[in-house]
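Read through the structure below, which is laid out as structure tokens, and then see the notes.
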Amino acid sequence: MAKSDLIVSLVRAGVAGDKTMLRSTVEALMADEKAKSHHTLVDRLERALQSVAVTSPSMTTSARAQNAAGRDTILEQTPRIRMDELVLPLPARSEGNQLIEEHARAEVLRAHGYEPRHRILLSGPPGNGKTSFAESVAEALSLPFFVVRYDALIGSYLGETNARLRALFDYVRTQSCVLFFDEFDAVGKERGDDHETGEIKRVVSFLLMQIDTLPSYVLTIAATNHAELLDRAVWRRFQLKISFPAPQTEQVAAFIERIIASWPDQPKMSASEIATSLGATSYAEARDFCQNVRRRQILGLGEVEINSALFSELQSWEARVKPENIYGDRSDKAPAKTKRRRAGKAKSRPRRRIT
């Protein structure tokens, strides 16, 4: 029997009773074979670990607790969004399709000494498709979609967050999956920030180390609305960086056109006119607007036509609460002209004589 067949047979037979020892031994062997460029054997070992249960029936209480701790820090979702359903900028669509092909044909890459890219960073303003993009990758590859729960991950005691991170990464290593970090700046902040505590800096260092050691069958996707807050070392860890900028009016119009095409009644306003009326907005806000129009019509029980519902919703759109309306009166957000006027008044104010 060949060496590779013998090793894979031992793994599948579960010769070792201790799951932790068996897994660590096989992973060490995989690292050694990978250094020798034996990528076919590494691929077979990975598949053996994924497809065959190597856990002893008498799992210890501590092992069960560790497995449960890792599972508790994620929310598993069934991916349903398809890549071709999304309105994406051309670079994002092209890179997404390439990423899917790399993982679907990973064996071809490994036969030539390459691994599929599996660390992806998405950046851009909120509501423009980052989460949907990650879910569509999982859907295309038929992989479970794990969303990290920060409420269960971040602890208040020293070392607690790192312990939970370790449990999280130990759990996701047990199977092929898409691991999604939304709002990644919550745990990947710049370590040079003087306002951050030493604990946060240790968490970032540990997080980067764990991401580095993840196998290629764990596809890690991180998304952030504030790329400027990320630690500089974070950028280097990710092999693929994709930007999701705010859409232009014509892109919003194309998105709205897809939505209203499924309505039973078509409004007199075109999708382009609706997009122009909405102004600068995100895909998520445009979708919410269209859904609100349909809600008005549905609740009208046949007495409210689509044009009337659209006009009413446009009026509500103009009166909606905007972030600039909330923060617009802050002194640090005041226009430069207003600041100069205030400064001028301060200079012209006569000094009071002290007697």
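The values are calculated or read from the model by the stated rules, or taken from the named source; none is laboratory data. None of the values given here were measured: they were computed from a predicted structure. We place every Cβ from the backbone using ideal geometry, glycine too, and count neighbours over all the protein chains shown.
Would you check which residues across segment 206-253 are of a type in the set (A, V, I, L, M), touching a residue at least 24 places away in the same chain (Cβ under 8 Å) and surrounded by fewer than 18 Cβ atoms within 10 Å (Cβ to Cβ) and list them?
So in segment 206-253, the residues of a type in the set (A, V, I, L, M) come out as 207-209, 211, 214, 218-219, 221-223, 227, 229-230, 233-234, 240, 242, 246, 252-253.
Okay, now just the ones that are also touching a residue at least 24 places away in the same chain (Cβ under 8 Å), so 207-208, 211, 214, 218-219, 221-223, 227, 229-230, 233-234, 240, 242, 246, 252.
Listed by number, the residues that qualify are L208, L214, A227, L229, A233, L240, A246.
Scan segment 104-160 for residues that are without any contact (Cβ under 8 Å) to a residue 24 or more places away in the chain, in contact with a helix residue (DSSP H, G or I) (Cβ under 7 Å, 6 or more places away or on another chain) and part of a helix (DSSP H, G or I) and the total you get is 1.
Being within 14 Å of the chain's Cα centre (by Cα) and surrounded by fewer than 21 Cβ atoms within 10 Å (Cβ to Cβ) is the filter here; which residues of segment 145-172 pass it? Break it down into steps so the answer makes sense when it comes.
If we filter segment 145-172 for residues that are within 14 Å of the chain's Cα centre (by Cα), which is where we start, we get 145-150.
Passing the criteria: V147, R149, Y150.
Under the condition of being in a loop (DSSP other than H, G, I, E, B) and of a type in the set (A, V, I, L, M, F, W, C), which residue from segment 208-240 is farthest from F184 (Cα to Cα)? Spell out the reasoning first.
Keep residues of segment 208-240 that are in a loop (DSSP other than H, G, I, E, B), which gives 214-217, 225-226, 231, 238-239.
Now narrow it down to the ones that are of a type in the set (A, V, I, L, M, F, W, C): 214, 238.
Values: L214: 17, F238: 12 Å.
Looking at the filtered set, the residue picked out is L214.
Set side by side, the residues A286, A223 differ, and just one is in contact with a helix residue (DSSP H, G or I) (Cβ under 7 Å, 6 or more places away or on another chain) and in the same structural domain as E139 (by TED's automatic domain parsing), which is A223.
Does at least one position in segment 273-288 carry a residue that is at pLDDT below 95, in contact with a Phe, Trp or Tyr (Cβ under 7 Å, 6 or more places away or on another chain) and not in a helix (DSSP H, G or I)? No, every residue in segment 273-288 fails to be at pLDDT below 95, in contact with a Phe, Trp or Tyr (Cβ under 7 Å, 6 or more places away or on another chain) and not in a helix (DSSP H, G or I).
Evaluate segment 266-284: report whether one residue or more is small (G, A, S) and in contact (Cβ under 8 Å) with a residue 60 or more places away in the chain. Within segment 266-284, one or more residues are small (G, A, S) and in contact (Cβ under 8 Å) with a residue 60 or more places away in the chain.
Checking each residue in segment 86-100 for being surrounded by fewer than 17 Cβ atoms within 10 Å (Cβ to Cβ) and either closer than 26 Å to Q175 by Cβ or small (G, A, S) (or both) picks out S94, N97, Q98.
Residues being touching a Ser or Thr at 6+ places or on another chain (Cβ under 9 Å) and free of Cβ contacts under 8 Å to residues at least 40 places away in the same chain are represented in segment 82-98 by at least one member. Within segment 230-241, the set of residues being out of contact with any Gly (no Cβ under 7 Å at 6 or more places or on another chain) and either more than 20 Å from R202 (Cα to Cα) or at pLDDT 85 or above (or both) comprises W235, R236, R237, F238, Q239, L240, K241.
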